[in-house]
Structures are given as C-alpha cells and as structure tokens.
1. State which residue is nearest to the chain's Cα centre (by Cα) when the search covers only the range 97-133 and only residues that are small (G, A, S) and surrounded by fewer than 14 Cβ atoms within 10 Å (Cβ to Cβ).
2. Kindly evaluate E107 against the criterion of being on the phi > 0 side of the Ramachandran plot, in contact (Cβ under 8 Å) with a residue 12 or more places away in the chain and touching a strand residue (DSSP E or B) at 6+ places or on another chain (Cβ under 8 Å).
3. Can you give me the number of residues within the range 32-68 that are out of contact with any Ser or Thr (no Cβ under 8 Å at 6 or more places or on another chain) and within 17 Å of A94 (Cα to Cα)?
4. Considering only the range 32-41, I want to know if a residue exists there that is of a type in the set (A, V, I, L, M) and surrounded by 14 or more Cβ atoms within 10 Å (Cβ to Cβ).
5. Return the residues of the range 117-151 that are farther than 14 Å from S68 by Cα, of a type outside the set (D, E, K, R) and in contact (Cβ under 8 Å) with a residue 24 or more places away in the chain; say none if nothing qualifies.
6. Out of N79, N43, report the one residue that is of a type in the set (S, T, N, Q) and part of a helix (DSSP H, G or I).
7. For the range 63-72, does any single residue satisfy the condition of being part of a strand (DSSP E or B), hydroxyl-bearing (S, T, Y) and touching a Lys or Arg at 6+ places or on another chain (Cβ under 8 Å)?
Amino acid sequence: MLNTRAATDARHSRAGKDAMLYNDAGQPFAQAESFSTSGSFNNYTYSPLGQNRELEVNNTIGVKINISELVVVDGELFNAVLDAIANGESPVLAMTGVIQGRNGSEERVVYNECIFSGDQDIQNVSTGDVLKRAFSLHCNGAVKKQSELSI
C-alpha cells in the first residue's frame with residue numbers, strides 16, 4: 001500500500017445533525033432543513049495569437065448561500081423577504097455556518113453582507129408534502145473561517 005497515512009478517518013465523518021446555521025445575533029435558523037454555500041470562480045478565457053490553446057485568468061469570485069426551511073412559523077428569512085418586497089430593497093444579513101466535530105472541534109465560517117439573490121419562496125405548496133421555503137443569497141462581504149475541524 002502506497003498510502004500508509006490516511007488523510008481522513010471515516011469514524012470522524014459528520015452528518016446534518018452536526019451542523020447549524022446562525023444569524024448575526026447568534027440565534028439558530030431553527031427551521032432550516034438544509035443549507036449549502038458555494039464559491040464560484042469566474043475566469044476570463046483567451047487564446048494568444050499563434051496558439052490553439054485556450055487559457056484562463058482569474059476574474060471574479062462569488063459566494064452563494066442556499067437555505068431550505070421547513071414551514072413551521074413565519075421565520076426570520078420569510079419576514080425579511082416580505083419586508084424587502086414592501087420596501088424595494090434587500091436587507092443585508094450576516095450568518096455563520098457551524099459543523100461540530102466528534103472531538104469538540106468546530107468548523108465556523110462567517111458570511112458577511114449577504115443579500116437575497118434570485119427567486120425566494122413565499123408560499124410553495126403541494127398536496128401531501130411537508131411545506132418548505134427556499135432562499136438564495138449572495139455574499140458581498142468577506143467570508144471568514146473562524147475555526148476548523150480536526151481529528
């Protein structure tokens with residue numbers, strides 16, 4: 001065997017029960033069923049004269065946050081969407097995603113200056129299903145790692 005030191009140990013893998021999303025006041029988005037964040041790297045492409053190779057150079061980086069929320073009460077994000085529609089301007093939100101490790105370590109990532117981006121669910125209803133709302137935000141501010149998981 002070439003790899004005598006595994007980079008990870010499956011016994012320390014985490015599940016959704018080990019994660020939470022918090023608002024800027026440290027209160028959990030308790031109705032959240034799931035959340036995901038992703039970085040998008042948008043590059044310029046070009047091809048120098050005399051070459052058939054296409055090259056890329058870094059242009060912009062965007063961070064998206066997607067949240068699926070169970071409909072239990074009219075939560076913070078739902079109310080923020082309705083206020084934004086009424087006022088004509090998205091609120092600026094901050095949130096923290098946390099994943100807790102088995103050994104007490106935590107991965108904490110803070111997302112600053114987030115605004116709604118794209119379609120936001122107000123009422124999304126179908127017979128026989130648990131009612132959910134989907135929210136999509138774009139992070140305009142710094143994304144900061146406060147702590148990291150370890151094993």
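Throughout, read-outs are computed from the coordinates displayed, never taken from laboratory work. Not measured: the values here are computed from a predicted model. No Cβ is skipped: glycine too gets one built from the backbone with ideal geometry, and neighbour counts run over all protein chains shown.
1. Restricting to residues being small (G, A, S) and surrounded by fewer than 14 Cβ atoms within 10 Å (Cβ to Cβ), the top hit is G118.
2. no
3. Here the count works out to 4.
4. The answer is yes, given that some residue of the range 32-41 is of a type in the set (A, V, I, L, M) and surrounded by 14 or more Cβ atoms within 10 Å (Cβ to Cβ).
5. Correct list: S117, H138, C139, N140, G141, A142, V143, Q146, S147, L149, S150, I151.
6. When all the criteria are applied, what remains is N79.
7. Checking the range 63-72: at least one residue is part of a strand (DSSP E or B), hydroxyl-bearing (S, T, Y) and touching a Lys or Arg at 6+ places or on another chain (Cβ under 8 Å).
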